[in-house]
Amino acid sequence: MTQLNIPDSEYMYSGHVGCPGCGAAIAMKFALKALGEKTIMVIPACCWGVIAGPYPQSSLKVPILQTAFATAGAAASGLKAALDMKGDTETTVVAWAGDGGTFDIGIQALSGAVERNEDFIYVCYDNEAYMNTGVQRSSATPFGARTTTTPGKGWKKNRKKNMVEILAAHRIPYAATANIAFPEDLIQKFVKARQMKGGTRFLHVFASCPTGWRIPSEMSVKIARLAVQSNIFPLYEVKDGIDYTLNYKGDRPVMDYLKIQGRFKHLNHKDIEQIQSMVDEDWKLLLRKMNHNQRG
Amino acid sequence: MWESMTTEQNFAEKIPLFISRSNMSTELNKTGSWRFVRPIYDEKTAPCSAACPAGEDIARIEMLSSQGRYREALETILLENPFPAICGRVCFHTCETACNRSGLDEPIAIHGIERFIGDAAVRDNLTFSLERLPDNGKKICIVGAGPSGLAAAYFSTRLGYSCDVFEAGAEPGGILRWGIPRYRLPDAVVNAEVQRIKNLGVKIICNTRATQNFLEEAKDRYHAFFIGCGHGRSLKMNIPGENMALDGLDFLNRMRTEKTESLNNGTAAVIGGGNTAIDVARSLVRLGVKAILAYRRRKQDMPAFQYEVETAVKEGVKVMELFSPSSIAQDGGEYILTLQPMKPSGMETDTGRARVVPDGETTQELRVQRIFTAIGAEPSEPWQLPSKENAETVYLSHCAFMANNPPFLFGGDLTNPTKSVADAIASGKQSAIVLDTFFKKGMNAIADRLNSCLVGNGPALSMERYLDGKRSNRNPDMVSYENINVDYFSPAPRIKAESHALDKQVNPFDEIETTFTIRQVMEETRRCFNCGICNACDNCRIFCPEIAVDLQDAQRRINLDYCKGCGICVVECPRNAMALEEEV
Ligand SMILES: Cc1cc2nc3c(=O)[nH]c(=O)nc-3n(C[C@H](O)[C@H](O)[C@H](O)COP(=O)(O)OP(=O)(O)OC[C@H]3O[C@@H](n4cnc5c(N)ncnc54)[C@H](O)[C@@H]3O)c2cc1C
Ligand SMILES: Cc1ncc(C[n+]2csc(CCOP(=O)(O)OP(=O)(O)O)c2C)c(N)n1
Ligand code: SF4
Ligand code: SF4
Ligand code: SF4
Ligand SMILES: [Mg+2]
């Protein structure tokens, strides 16, 4: 039996307004267990902007700076600069943005900050669409998914952007993927990121969304786990943009993951085969990168 | 409200900030009102426990053992079965056949854990506390100190009765003592566990054969009777020369009581396919005799436990399947056993065994030095069975009950469709419950009371449930493999106890299989899913997106003020110890 060992400390309040079964809420709960009290969250427009609480409420026990949709990277840079001026070296600045705010509109501010190697952690919790505004497709929406802007036969025919690779190309000190169904791995990566002060650390956290994915809320964690088990969302780390470590090897067909989600319900056998071959191709590429650092 | 202010917040307090700042938590929002389904802690029944004739709470026993809580594991076993060291060795463990873990790899070695706990109890003299009702002044006369009689005494004593057990033999134990050979069940093990019954205050009077007269006289002294005499008389084959064959049960008895028997090598034929036949053949091998087992049906139809059959073959017993004995003759100092070849002709619907008919005219002759018969046994006296004329007799799953004055119960091999040690223990338990209910609430209450004690859908009964222990809250719904969240388990081989090869043993009658080591117990119990019961893994609390699972005094509770009813806890519970219930 796998016995999870998770810190007891809790930095989140009950009573937040995330949907039942929200994976993004679980992601924050785990992340803060690793980050601790000395953390300031920078949250742009996204579901978490709402979950964080309507004014004057807050759902977190740490301070939050709510900011504009495109600005997580810039706002976090500014906040870190302000803390530097005050001589506060202890507090960790964490940008916490959705996939829309990271892959699309926020990529400029993020790329700029990473290029300057700003000292903060950037977290993209990825629910694979613009959920807060009603499930519009983003460049993180996977091939095959239906959203309100890729409805019916117009389901998304483009591949998901590989954000970690974009960050790796910046030669960022630490970039890693994590998943709410693997809390020990997730927490360990957040602890690592917190301790690696001095540059930008990027964490790509897979967070299921029952509402947008049209899945039963109780299956939220199970489906997030299947994404890893089927190699659709591999768990890995990249140090300095070149040094790859794989944390998990999946062995299940993508079919297991796809068939239980409403957003993929329309896919036929051929579509699923096509997705399987894309996943296999990505997986092989990833393994080659793993080998690359072994050689040297 | 904020629980504590961080340094930053205190600092920021002092400078004017022209942005709006929150000053209260979201706990004001009682999001529990969103809920239309409600998670509940709902412990269910593991299939192993329902398949165990003694109804042991196996999921819990494995859980306690995995946590090193051996004393509690022992207490949990003893609630339902007084003989873990014995059953851990000789029980056919139907529990393992039902084990959900087979869906992933191989069943849990439940018997091995049971044996370890049973041995630890004896070796380490583990203290335990057994719930016992106050003396109710009623006395029970028990005939036969086999497992059924001893179990009847054990359970009845715990319900407040005082019990006297009358045994014809020189020592208690029944077949445990004089049937099953020492290489499977050493004397010391039987002694130690029988002592547990004596320690309760049960009187065992040996060398006393009960007769009909004896029972008639005893009616003045006892308020009830339990008859557990077992099957004492061997069945006859009705073939010419039968009297030249030796009785298998007698042979086993001599092996146990006299310990030595010299047979000068040679070959012996054993007729039969049950436990007795196998044990006779394996004992012969241990005496240096070549043993040939002749059985009229196919090997897989043998009523003996298949594992025993395989071990016998490994030890050198030769099996001749589809041969029926037709006569025995003497020739010089030797015997000639004539065998009629048989062939299958269809299947028996009730047993699933092959029906056989003679196959041709040509018979086969076996020339051997000895012939043993072991084709089964029956009660030795008619009074040992409930009288057919008595219309009042109630036939239950593991006993028959006659509400005469005084009431009579019959159990063990006398009544059980499956003749095994664990079924005999079930007889003792069912009889105790039936009798106690009869005295307290009358005849009409018995059926309902028995139903309320079922493990799952039965027929296994739980004494803990009868005594309104914690197990009474257990949902009878059975956990299936599909209900297990196997994401939390990875394949791991079943642990096998070490066993000594026969040819390497100093004394061939020494026990072959060893007891698990602590390490093996740790490994094996960790494989168990703990189907349906909470083992405090904490997954429900870990994954709750609402921080709505509270943990206080090792007790988990859903905070319904905030739980939105997403159901993640229920799915992430690896063992189906929770359920979702519709809100009303
Ligand atoms: C050789 C052999 C091997 C077996 N192996 C296994 C095994 O591995 N696993 C398993 O589960 N089952 C096994 N069985 C079956 C199992 O032993 C029986 O089902 C079980 O012992 C029945 O228990 P019981 O109490 O009904 O009768 P018994 O064990 O037969 O005990 C009856 C007792 O009553 C006494 N008695 C009889 N008449 C009187 C009287 N008039 N007055 C006083 N006392 C009397 C007898 O002396 C005896 O001690 C085996 C059986 C045999 C014969
Ligand atoms: C400049 C700007 N454009 C549009 C919006 C509206 N808006 C708010 S949140 C959001 C979607 C956010 O999507 P994502 O970043 O993926 O986070 P999610 O809601 O899915 O958690 C949008 C489009 C906005 N706030 N600002
Ligand atoms: S829409 Fe999705 S991500 Fe947003 S709060 Fe609901 S479940 Fe969470
Ligand atoms: S896994 Fe454990 S609890 Fe479940 S059936 Fe097997 S032994 Fe019983
Ligand atoms: S998830 Fe773990 S702690 Fe919660 S009910 Fe199930 S077994 Fe118990
Ligand atoms: Mg999104």
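Bear in mind these aren't lab numbers, they're just calculated from the coordinates by the rules spelled out. Here the structure is a predicted model, which is why all the values come from computation and not from measurement. So basically every Cβ, Gly included, is an ideal-geometry build from the backbone, and we count neighbours across all protein chains shown.
Work out the length of the dipole vector of chain B about its Cα centre, built from +1 on the beta-carbon of each Lys and Arg and -1 on the beta-carbon of each Asp and Glu, and round it to the nearest 20 debye.
480
In the stretch A:13-38, whose amide N lies under 14 Å from the spot 7 Å out along Cα-to-Cβ of B:L28? List them in ranges.
Counting backbone N atoms under 14 Å from the label point, the list is A:15-17.
From the backbone phi of the stretch B:120-128, what are the Karplus-calculated ³J(HN,Hα) couplings (6.51 cos²θ - 1.76 cosθ + 1.60, θ = phi - 60°) in whole Hz, Gly and Pro given as x?
Couplings: 4, 4, 6, 5, 8, 6, 4, 7, 8 Hz.
Using the crude model of +1 on Lys and Arg Cβ and -1 on Asp and Glu Cβ, and no other charge, please compute the dipole size for the protein assembly as shown relative to its Cα centre, in debye to 20.
Working: 101 positive and 102 negative charges, 347 e Å.
Roughly 1660 debye, rounded to the nearest 20.
Helix B:187-199 against the longest principal axis of chain B: what's the angle in degrees, Cα atoms only, rounded to the nearest 10?
Approximately 60 degrees, to the nearest 10.
Toward the positive end of the charge dipole of the protein assembly as shown, about the Cα centre and with charges on Cβ (Lys, Arg +1; Asp, Glu -1), which of B:H93, B:A447, B:A329 goes farthest?
Farthest towards the positive pole: B:H93.
How many percent of DSSP beta bridges within chain B run antiparallel, rounded to 5?
Beta bridges within chain B, antiparallel portion: roughly 55 percent.
Of B:K429/B:K470; A:K86/A:K239; B:K198/B:K219, which ones are farther than 20 Å apart at the Cα?
Violating the 20 Å limit, Cα to Cα: A:K86/A:K239; B:K198/B:K219.
Per the helix-only calculation at 222 nm, which mean residue ellipticity applies to chain B, given -39500 (n - 2.57) for every DSSP H run of n ≥ 4 and division by its residues, nearest 500 deg cm²/dmol?
So the calculated ellipticity at 222 nm is -8500 deg cm²/dmol.
Work out, step by step, the length gained on full extension between B:T363 and B:S345: first 0.36 nm times the residue separation, then minus their alpha carbon distance; give nm to one decimal.
Stretched out fully, the B:T363 to B:S345 stretch lengthens by 4.6 nm.
With a 10 Å Cβ neighbour count serving as the proxy for reagent exposure, in which order, fewest first, do A:M278, B:M63 appear?
The order, fewest Cβ neighbours first, is A:M278, B:M63.
For the residues B:V285, A:V50, what sequence is obtained by ranking on other C-beta atoms within 10 Å, fewest first?
The order, fewest Cβ neighbours first, is A:V50, B:V285.
Amide H neighbours of A:N179 under 5 Å, at least 5 residues apart or on other chains, H built in the peptide plane: list them.
Those qualifying (amide H under 5 Å, at least 5 residues apart or on another chain) are A:L186, A:F206.
Points 7 angstrom from Cα along the Cβ direction at B:E216 and B:N390: gap in nanometres?
Once both label points are built, they end up 1.6 nm from each other.
What is the fewest-to-most order of A:Y236, B:Y562 by other Cβ atoms lying within 10 Å of their Cβ?
On the way: A:Y236 18, B:Y562 24.
The order, fewest Cβ neighbours first, is A:Y236, B:Y562.
Among the aspartates and glutamates, which have Cα under 13 Å from the Cα of B:K314 when same-chain residues fewer than 8 positions away are ignored?
The qualifying aspartates and glutamates are B:D503.
What is the mean number of Cβ atoms from other protein chains located within 10 Å of the Cβ atom of each residue in peptide A:50-57, rounded to a whole number?
Mean number of neighbouring Cβ atoms from other chains: 4.
If you fit an axis through the alpha-carbon atoms of helix B:421-441 and take the longest principal axis of the Cα set of chain B, what angle between them do you get, 0 to 90°, nearest 10?
70
For a quick check of your reading of the filter: which trypsin sites (Lys or Arg not before Pro) in the stretch A:151-193 sit in a DSSP loop and have no more than 13 other Cβ atoms within 10 Å? Display every interim value, and only then the final one.
Working: sites: A:K153, A:K156, A:K157, A:R159, A:K160, A:K161, A:R171, A:K189, A:K192; in loops: A:K156, A:K157, A:R159, A:K160, A:K161, A:R171.
Sites meeting the loop and neighbour criteria: A:K157.
Shape call for the stretch B:234-376 from the C-alpha gyration tensor, a ≥ b ≥ c root eigenvalues: rounded (a/c under 1.5), prolate (a/b greater than b/c) or oblate? Mind showing how you got there, number by number?
On the way: a/c = 1.81, a/b = 1.26, b/c = 1.43.
It is oblate, given that a/c is not under 1.5 and a/b is not larger than b/c.
Using a simple spin-label model with points 7 Å from Cα along the Cα→Cβ vector, what separation in nm is obtained for A:V50 and B:R209?
Calculated label separation equals 8.8 nm.
Classify the stretch A:161-215 from the C-alpha gyration tensor, please: rounded if a/c falls under 1.5, else prolate or oblate depending on whether a/b exceeds b/c.
It is oblate, given that a/c is not under 1.5 and a/b is not larger than b/c.
Work out the mean other chain Cβ neighbour count within 10 Å for the residues of B:30-38 and drop it here as an integer.
2
Give the calculated FRET efficiency between B:N507 and B:E381 to the nearest 0.05, with a Förster radius of 41 Å applied to their Cβ-Cβ distance.
Efficiency for this residue pair is about 0.65.
Ranking request for peptides B:291-303, B:319-331, A:205-217: highest mean number of other beta-carbon atoms within 10 Å first, then the rest in descending order.
On the way: B:291-303: 21.2, B:319-331: 17.8, A:205-217: 23.0.
Ranked from most to least packed, the peptides come out as A:205-217, B:291-303, B:319-331.
Amide H to amide H, which residues 5 or more places from A:F233 or on other chains are under 5 Å from it, using H placed in the peptide plane?
HN-HN under 5 Å from A:F233: A:V228.
By its C-alpha gyration tensor, with a ≥ b ≥ c as the square roots of the eigenvalues, how is the protein assembly as shown shaped: rounded for a/c under 1.5, else prolate for a/b larger than b/c, else oblate?
Here the protein assembly as shown falls in the prolate category.
What does the net charge come to around B:Q505 if you take all other residues with beta carbon closer than 10 Å to its beta carbon, with K and R at +1 and D and E at -1?
Taking every other residue near B:Q505 into account, the sum is -1.
Peptide B:531-544: average number of partner chain Cβ atoms within 10 Å per residue?
Per residue, the number of nearby Cβ atoms from other chains is 3 on average.
Give the angle, between 0 and 90 degrees and rounded to the nearest 10, that separates the Cα long axis of helix B:147-158 from the longest principal axis of the Cα atoms of chain B.
Once rounded, the angle reads 40 degrees.
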